[in-house]
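Values quoted throughout were computed directly from the atomic coordinates according to the rules given, and no laboratory measurement underlies them. Bear in mind the structure is a predicted one, so any value in this text is a computation, not a measurement. Please note: Cβ atoms are built from the backbone with ideal geometry, for glycine as well, and neighbour counts cover all protein chains shown.
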Amino acid sequence: MIRTARPSDAPVLASLQSHLDAPAPRLLASFASLGTCLVSVVDDGEPGAVADIDSTGSDRPTADDSDPPTTADDHSTTGDNPPTADDTPVGYVLLIGGDDVHLAELVVHPAHRREGRGRALLRAAIDRQEPGTRVTLAVAADNGPARSLYESVGFRRIDYRASFYEEGVEGSRDAVVYAYDVASGS
């Protein structure tokens with residue numbers, strides 16, 4: 001299931017972020033004020049099922065909706081210990097911006113890849129956008145699996161940026177910039 005990230009998800013999201021090649025911890029820590037973060041959680045349903053989300057982007061509370069405190073010790077997402085609690089995030093997509101949106105990060109825990117979660121997060125992120133919105137993203141040029149995923153969802157290449165990702169003394173990596181224009185719904 002996909003739902004809006006909650007403040008109590010922060011430790012789990014930070015741990016998931018460690019699986020990215022170029023994480024931006026300060027950006028993730030500021031998601032509530034900068035944009036939107038959707039999470040894919042372990043549950044008995046389909047990985048792409050979307051929670052009932054109101055027009056403000058918040059999950060609609062139900063009588064049994066609770067958000068117990070979560071600590072980093074509650075749900076480890078590192079190594080071979082993927083999250084297992086039904087409502088624990090196993091992936092997220094982070095979007096920033098206003099009229100046009102930038103997909104800043106997309107990650108799924110390695111133990112939950114190849115389950116359709118990345119595609120479901122992308123679709124949910126796109127489906128939340130107003131008609132006419134452009135969603136952009138940058139991905140390492142040598143990350144074939146990610147590029148294939150973005151292209152299969154309908155993103156198209158709009159730019160190539162040499163030395164986009166700095167990698168310390170090792171040099172840098174090039175990036176491909178993609179865009180997805182949300183249909184005007186005519």
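Ordering His19, His109 from the fewest to the most neighbouring beta carbons within 10 Å gives His19, His109. Put simply, when 114-122, 98-106 are sorted by average Cβ atoms within 10 angstrom per residue, most first, you get 114-122, 98-106. Separation of the stretch 113-186 and the stretch 8-24, taken as the distance between their Cα centroids, equals 18 angstrom.
Fully extending the segment from Asp21 to Arg134 would add 38.2 nm, taking 0.36 nm per residue of separation and subtracting the current Cα-Cα distance.
Listed values for the stretch 104-116 are Karplus-derived 3J(HN,Hα) couplings in whole Hz (6.51 cos²θ - 1.76 cosθ + 1.60, θ = phi - 60°), namely 7, 8, 9, 8, 10, 4, x, 6, 10, 7, 6, 10, x, and x replaces Gly and Pro.
For the stretch 90-169, the relative contact order is 26 percent, taking Cα pairs closer than 8 Å that sit 6 or more residues apart in sequence and dividing their mean separation by the residue count.
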